[in-house]
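Input: a single structure, listed below in structure tokens.
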Amino acid sequence: MSYKYDPQLDGEIRPVSRPVLLQSLTAVIPAAAILHSEEQLKPYECDGLSAYRVTPMLVVLPETVEQTGAVLKVCHRLKVPVVARGAGTGLSGGALPLQQGVLLVLSKLNEILHIDLENRTAVVQPGVRNLAISEAVAPHGLYYAPDPSSQIACSIGGNVAENAGGVHCLKYGLTVHNILKLNMLTIEGELLTIGSDAFDTPGFDLPALVTGSEGMLGIIVEITVKLLPRPQAAKVLMGVFDDVQKAGNAVGAIIAGGILPAGLEMMDNLAIRAAEDFIQAGYPREAEAILLCELDGIAEDVDSGVEKVGGILRDAGATETRIARDENQRKLFWAGRKSAFPAVGRLYPDYYCMDGTIPRRQLAAVLHAMGELSAQYQLPIANVFHAGDGNLHPLILFDANKPGELEKAEALGGKILQLCIEAGGTITGEHGVGREKINHMCLQFNTEEIRQFHAVKRAFDREQLLNPGKNIPTLARCAEFGAMHVHNGELPFPELERF
Amino acid sequence: MQTNLPQALLLTPEGREADRILRSCVHCGFCNATCPTYQLLGDELDGPRGRIYQIKNVLEGGRAGAETQLHLDRCLSCQACETTCPSGVEYHKLLNIGRAVVDSRVARPPSRRWLRWLLGAVLPRRRLFTPLLRAGQLFRPLLPAGLKNKVPRREKSGPLPQTRHRQKIILAGGCVQAGLAPGINIAAARVLDRLGIETLQVREESCCGALNYHLDSQDRGIALARRNIDAWWPYIENHGATAIASSASGCGAFIKQYAELLAHEPDYADKARRVSALCKDISEIVSAAPRLQALRAKTGTKVAFHSPCTLQHGQKITGLVEGLLQQLGFQLTAVRDSHLCCGSAGTYSILQADLSARLRADKVAALTAEQPDLIATANIGCLMHLRTSTDTTVRHWIEVVAEGMV
Amino acid sequence: MEGDQDQSRLLQNQLQQALGEGRALRIAGGDSKRFYGNRVDGEILSTRQHRGIIAYEPSELVLTARAGTPLRDIEAAVAASGQMLGFEPPHFGAGATLGGAVASGLSGPRRAYSGALRDFVLGAKVLNGRGEILQFGGQVMKNVAGYDIARLMAGSLGCLGVILEVSLKLLPRPEAEQTLCFALNSRAAAAKANRLLTQAVPLSGACYSDGQLFIRLSGAGETLARCAQTLGGDGGDSDIWAAVKEQTGDFFSASDLPLWRLSVPPATDPAALSAAAAAATLWDWGGALHWIKTRLAADEMRAIAATAGGHATLFRSAQAPGDGVFQPLLPGLKKIHGNLKQAMDPHRLLNPGRMYADF
């Protein structure tokens, strides 16, 4: 697809005079906070999905909530679209700028404002790095549970916008389960508080709606997160497999065994080798797949759980099981997993990361089908994903410098997403729709549902100024895209169980 | 990452090198998380990923202006990003290429140019710098406060050990260190002597070249590298020197790069490879010595160790000094954010005084959090920089070890 | 199961008919929670016969069922496979249905430790106020495609749409449970409950009533025995949890005074709350949920809750305050709520006024 904003398919954007906008912004925010020269704008043209690039009209870097509100007021008055950006680590192009829009960068709002040890909460600004929260509260024996693999760099504001998950969300939930309160600026620049310091709030569950809304409903400027006490014990077990599908089946067996692991992750051979090259985590380079299974809680329970999981893994055909011998090795096992995406950059110049989620029982079949697609398209796929959640992350490896390869990778990605929907899953588990999967939304939702999404959007942003062209496709786009994807009543991969 | 460098550029070794490095970057942004300037400024343009992008833009034919130059200048070259990068992007090499291109296109204001020239002309010349420093020290009480801060009091130093040993190594003298802190190399020689190693001092050697290379003239830096290779070569070939030790991790990191800097010069490539391979940080020599117990200190002094970027990120030596100190009976404190730069970074503390001071304040706070008896480090730059803003004693760790020897 | 049927079309027809005639509807399942929220005048749209478990695969930890499925059937079905609803929903009557549980959004004692009802909602099929059947979320653990309208349905009291089906995440049932009891004053009890959270104790409930702190532990039998030994206290009656959840204990039945529900930050001093309200409180959720019986005016109760950082709901009462039983919304939020109602149910057909008078 062309990722560029298309007025015919994404909606008209009223042209605005750049000098007028610049002048209006300079009146409310220091000139140094506005970037406008070509050389300043260029590095902001993409987020973590660098294949999609659009130079924004202006970049604004507010230092306070007041400045942020003032910028929004100006944009609302002049009807200029606003795209919010945090650390720019997103993988779906959610922060892809608009040529006719302002890129509102919140990375300077990066203070931890308050830590409440009694209630176990922290109040943070959106630009604070996910990991920085856990580091700040570590001396008190607490941590912030959601841990996306990019947690070293990604910002909590972006986590809220995408409803980020991570390797520990099977047990501890996603971002939506770990935030209590949000301060949000509307496109009119009005500050709203949604959620509260209590466990619930009167009215509709707006934090649930806003979390994962990809900057389409409001701009998050302050977040109250829940902190959890560090578990007494945590152990990670590695199961080594000579066959990817055996590993896939082991996942279901663990859950069926009544165990709720803190994390249950899978890596295939390509991912294992890439991560091993970077960090020497001690992964077996020759294995076809490994499963990392973490159990945490009370020491004795963890020990008995580890024993049980070890048995399940061996029964499922693991050629070997290893238990991380100490905390350092446990961290190393995870460090390898968490760096696996970019580490794949050692193998291939570019990767295109998919995020489909499927019922666990379909893992083996879908992995097999993806292998066939990979062969068909002649592009390797590295798999490293949240097996416990059924959240796949196939990394399609390609070389963007070779003409046509990006398009081929996108086409393969589209097939994989279709496969996920057909397996009873979804096109995105945690990375968001962004710009990248906008067309695939038409596969997952029908006209009425898409229309309902738009109505919800208008409840917050009547003039559609917040991040237009992302997350929810227009009906015009679906009509266009649907025409391209006629199924002819034929389903690929008939071996998959249907719903 | 996709690249689109012009064909003409791809015909040059630098162009190909830049393209290779750019393509290894997947734009994940992990590097920003450990970049000192991104953490302070929160602007993509002041982080490694943004700098890579700015260099890519310039190499692809985009405009190179004062803005790009500013953001490249703000880079400390601490290489923390390289330690963090899972994709193995060789950022510092790309930065060197980018800086050269940008500097060739964008002229700095005259005052900045003059300052950079002066630093580049004086600091690397031991025979020029030391007399100037001595004069400064003599008139220190009369200097204005801003300058006084930069001119440390003169240090007393003892004699070099004279014992001959079978194992001999070259101890690189460095440039400013000889004037500012002559005690460091004397301490190093005493420690090595105790371990049964004789140190050779080579009169003909000069500054390692890092300063010029990163400041004003990559050519001049490389010329100094050649000169050092020429100076050390007879000692390696004829006098049995088995290593070139450096007590300044900044110099050591650069000498270890000689091999790649001179890889394309037929006369020097082989020699440079040998010299880089022989170059060792003083901690590598000490920790490999068989008679370590001969150094055992008598006290349980509480030490906060600041690992210079050139040691942990440049030379990828992590935990070695800390382990040594602990083994010798020192008590090490925990230092948060130990991966972050102190802001010294060669001439950075002079050229980017503001950012440097903020980084130093953070670093001193982290180092003194547990009230150590002293702060130890492994590079003259960090040492002088940290000293200016803390009452806690700051020493090179080798001096601390030498004094502790029973 | 016998009696299972899909009445989606029927309900859709009924709604469209009402839409055509401009009649408001009062959605009812088992009608066990009719007392909750503001009074609704409207023709009954009953989901009670729209029932049945559609999909339940224990290894997926997911169950999908129609709205009219009795909660007790669901609990029995998952218990048979060693699983449970992690949010321990109150029934408030034998006929309680899944749809009603989700629409009311209420959670029981386990809420403070394993999450609220809204945390377990994975997907929902909804009939909106235009009579369209829409599917949001799904049956997988994670799904961020589109806005999370499925989760928004939790606690929306039927004001945004008729819930037709819900997919819920389940949890493995603990091997064993044990209740301990400590005679403590309210403040000391809350401090103890809060402290236990940071210790290696498998806490799954902490409530306080009439001078006694009740602690529930869930986990492996041996672990519970060891923890119980370390913690001390007396063995407690495990019926307390059902009594608190279903409001059947003495505290709830002793008088006809209005019952207030105060939801506050967990470290709130319970003694201060009960002093301000001049009444004893029964608290749950480790101190984050307070039940108070009092005749104090609504404004006073709301001020007390707001001071503590929470909100007050008049949960059961013969008479509702003029501005409704829920704490009023600030103007900015009120506007968004009105817009959302407009987006989902533009003709104000569904449960009008049940949450707030304006919608």
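The values are calculated or read from the model by the stated rules, or taken from the named source; none is laboratory data. None of these values were measured; they are calculated from a predicted model. No Cβ is skipped: glycine too gets one built from the backbone with ideal geometry, and neighbour counts run over all protein chains shown. Side chains are part of the model used for accessible areas, which takes the heavy atoms of the whole protein and leaves out ligands, DNA and RNA. Shrake-Rupley method; radii C 1.70, N 1.55, O 1.52, S 1.80 Å.
On the stretch given as region B:113-163, residues that are over 25 Å from residue B:251 (Cα atoms) and at pLDDT 85 or above total 0. Looking only at residues in region A:226-263 that are open to solvent by 30 Å² or more (accessible area, probe 1.4 Å) and over 27 Å from residue C:119 (Cβ atoms), the one that is farthest from the chain's Cα centre (by Cα) is A:242. Residues that are more than 17 Å from residue A:429 (Cβ to Cβ) and of a type in the set (Gly, Ala, Ser) within region A:361-412 comprise A:364, A:365, A:369, A:371, A:374, A:375, A:382, A:400, A:404, A:409, A:411, listed in sequence order.
Taken over region C:133-151, the criterion of being open to solvent by less than 10 Å² (accessible area, probe 1.4 Å) and either closer than 15 Å to residue C:64 by Cβ or in contact (Cβ under 8 Å) with a residue 12 or more places away in the chain (or both) is satisfied by C:134, C:136, C:140, C:149, C:150.
Results for (1) in contact with a Leu (Cβ under 8 Å, 6 or more places away or on another chain); (2) among the charged types (D, E, K, R); (3) open to solvent by 10 Å² or more (accessible area, probe 1.4 Å); (4) facing chain C (nearest Cβ under 10 Å), shown as yes or no for each residue.
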{"position": "A:151", "(1), (2), (3), (4)": "yes, no, yes, no"}
{"position": "A:170", "(1), (2), (3), (4)": "yes, no, no, yes"}
{"position": "A:175", "(1), (2), (3), (4)": "no, no, no, yes"}
{"position": "A:183", "(1), (2), (3), (4)": "yes, no, yes, no"}
{"position": "A:223", "(1), (2), (3), (4)": "yes, no, no, no"}
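Checking the structure you have, find out if any residue of region A:417-432 is more than 8 Å from every other protein chain (Cβ to nearest Cβ), surrounded by fewer than 23 Cβ atoms within 10 Å (Cβ to Cβ) and either in a loop (DSSP other than H, G, I, E, B) or modelled with pLDDT of 95 or more (or both). Looking through region A:417-432, none of the residues is more than 8 Å from every other protein chain (Cβ to nearest Cβ), surrounded by fewer than 23 Cβ atoms within 10 Å (Cβ to Cβ) and either in a loop (DSSP other than H, G, I, E, B) or modelled with pLDDT of 95 or more (or both). Quick one: is residue B:326 in a helix (DSSP H, G or I) and open to solvent by 60 Å² or more (accessible area, probe 1.4 Å)? Yes.
Take the residues of region C:329-347 that are in contact (Cβ under 8 Å) with a residue 24 or more places away in the chain and open to solvent by 10 Å² or more (accessible area, probe 1.4 Å): which is farthest from the other protein chains (Cβ to nearest Cβ)? Show your work before the answer.
At the first step, the residues of region C:329-347 found to be in contact (Cβ under 8 Å) with a residue 24 or more places away in the chain are C:329, C:334, C:340-341, C:344-347.
Right, trim to open to solvent by 10 Å² or more (accessible area, probe 1.4 Å) and you get C:329, C:334, C:346-347.
On the way: C:329: 6, C:334: 8, C:346: 8, C:347: 13 Å.
Per the criteria, the residue is C:347.
Residues considered: A:108, A:73. Of these, the only one that is farther than 29 Å from residue A:354 by Cβ, assigned to a helix (DSSP H, G or I) and open to solvent by 30 Å² or more (accessible area, probe 1.4 Å) is A:73. Against the criterion of being at the interface with another protein chain (Cβ under 10 Å from one of its Cβ atoms), more than 23 Å from the chain's Cα centre (by Cα) and open to solvent by less than 50 Å² (accessible area, probe 1.4 Å), residue B:10 does not qualify.
Touching a strand residue (DSSP E or B) at 6+ places or on another chain (Cβ under 7 Å), at pLDDT 95 or above, more than 9 Å from every other protein chain (Cβ to nearest Cβ) and open to solvent by 10 Å² or more (accessible area, probe 1.4 Å): is that true of residue A:136 in this structure? In short, yes. Set side by side, the residues C:279, C:193, C:176 differ, and just one is closer than 25 Å to residue C:106 by Cα, touching a strand residue (DSSP E or B) at 6+ places or on another chain (Cβ under 8 Å) and free of Cβ contacts under 8 Å to residues at least 24 places away in the same chain, which is C:279.
The residue list C:228, C:220, C:267 contains one member that is within 14 Å of another protein chain (Cβ to nearest Cβ), in contact (Cβ under 8 Å) with a residue 60 or more places away in the chain and crowded, with 17+ Cβ neighbours inside 10 Å, which is C:267. With the requirement that a residue be over 19 Å from residue B:248 (Cβ atoms), among the hydrophobic types (A, V, I, L, M, F, W, C) and in a loop (DSSP other than H, G, I, E, B), what does region B:355-406 give you? Correct list: B:369, B:406.
Quick check on this structure: which one of A:268, A:205, A:200 is free of Cβ contacts under 8 Å to residues at least 60 places away in the same chain, open to solvent by 10 Å² or more (accessible area, probe 1.4 Å) and under 25 Å from the mean Cα position of the chain (by Cα)?
Working: A:268 fails: free of Cβ contacts under 8 Å to residues at least 60 places away in the same chain; A:200 fails: under 25 Å from the mean Cα position of the chain (by Cα).
After ruling out the rest, the residue left standing is A:205.
Mind telling me which of the residues A:50, A:92 ends up being within 12 Å of chain B (Cβ to nearest Cβ), assigned to a loop (DSSP other than H, G, I, E, B) and either free of Cβ contacts under 8 Å to residues at least 60 places away in the same chain or not acidic (Asp, Glu) (or both)?
Values: A:92 fails: within 12 Å of chain B (Cβ to nearest Cβ).
That would be A:50, the only listed residue that is within 12 Å of chain B (Cβ to nearest Cβ), assigned to a loop (DSSP other than H, G, I, E, B) and either free of Cβ contacts under 8 Å to residues at least 60 places away in the same chain or not acidic (Asp, Glu) (or both).
Looking across region A:326-358, the residues that are assigned to a helix (DSSP H, G or I), among the hydrophobic types (A, V, I, L, M, F, W, C) and open to solvent by less than 10 Å² (accessible area, probe 1.4 Å) come down to A:333, A:340, A:343, A:344. Residue pairs whose Cβ atoms lie under 9 Å apart, separated by 6 or more positions or on different chains, with the first residue in region A:464-476 and touching a residue at least 24 places away in the same chain (Cβ under 8 Å) and assigned to a helix (DSSP H, G or I) and the second among the charged types (D, E, K, R) and surrounded by fewer than 24 Cβ atoms within 10 Å (Cβ to Cβ), are A:475/A:451; A:476/A:10. Out of the residues in region B:51-69 that are surrounded by fewer than 22 Cβ atoms within 10 Å (Cβ to Cβ) and at the interface with chain A (Cβ under 10 Å from one of its Cβ atoms), state the one that is modelled with the lowest pLDDT. Ranking the qualifying residues of region B:51-69, first place goes to B:63. Among the residues of region C:301-328, which ones are more than 19 Å from residue C:39 (Cβ to Cβ) and out of contact with any strand residue (DSSP E or B) (no Cβ under 9 Å at 6 or more places or on another chain)? Of everything in region C:301-328, those that are more than 19 Å from residue C:39 (Cβ to Cβ) and out of contact with any strand residue (DSSP E or B) (no Cβ under 9 Å at 6 or more places or on another chain) turn out to be C:307, C:309. Any residue that is in the same structural domain as residue A:436 (by TED's automatic domain parsing), within 18 Å of the chain's Cα centre (by Cα) and open to solvent by less than 10 Å² (accessible area, probe 1.4 Å) - is there at least one of those in region A:400-413? Yes.
Does at least one position in region C:29-40 carry a residue that is open to solvent by 40 Å² or more (accessible area, probe 1.4 Å) and either within 30 Å of residue C:214 (Cβ to Cβ) or not assigned by TED's automatic domain parsing to the domain that holds residue C:139 (or both)? Scanning region C:29-40, I find at least one residue that is open to solvent by 40 Å² or more (accessible area, probe 1.4 Å) and either within 30 Å of residue C:214 (Cβ to Cβ) or not assigned by TED's automatic domain parsing to the domain that holds residue C:139 (or both), so the answer is yes. Screening region B:72-127 for helices (runs of 4 or more DSSP H) wholly inside it with 2 or more residues that are within 14 Å of chain A (Cβ to nearest Cβ) and open to solvent by less than 30 Å² (accessible area, probe 1.4 Å) returns the ranges B:80-84, B:91-105.
Of the residues that sit in region C:231-242 and are surrounded by fewer than 19 Cβ atoms within 10 Å (Cβ to Cβ) and part of a helix (DSSP H, G or I), which one is farthest from the other protein chains (Cβ to nearest Cβ)? Give the derivation first.
To start, the set of residues in region C:231-242 that are surrounded by fewer than 19 Cβ atoms within 10 Å (Cβ to Cβ) comprises C:231-239, C:242.
Those left that are additionally part of a helix (DSSP H, G or I): C:231, C:239, C:242.
Working: C:231: 13, C:239: 24, C:242: 21 Å.
For region C:231-242, the residue satisfying everything is C:239.
Is one or more of the residues making up region B:26-49 touching a residue at least 60 places away in the same chain (Cβ under 8 Å) and within 7 Å of chain A (Cβ to nearest Cβ)? Yes, region B:26-49 has at least one match.
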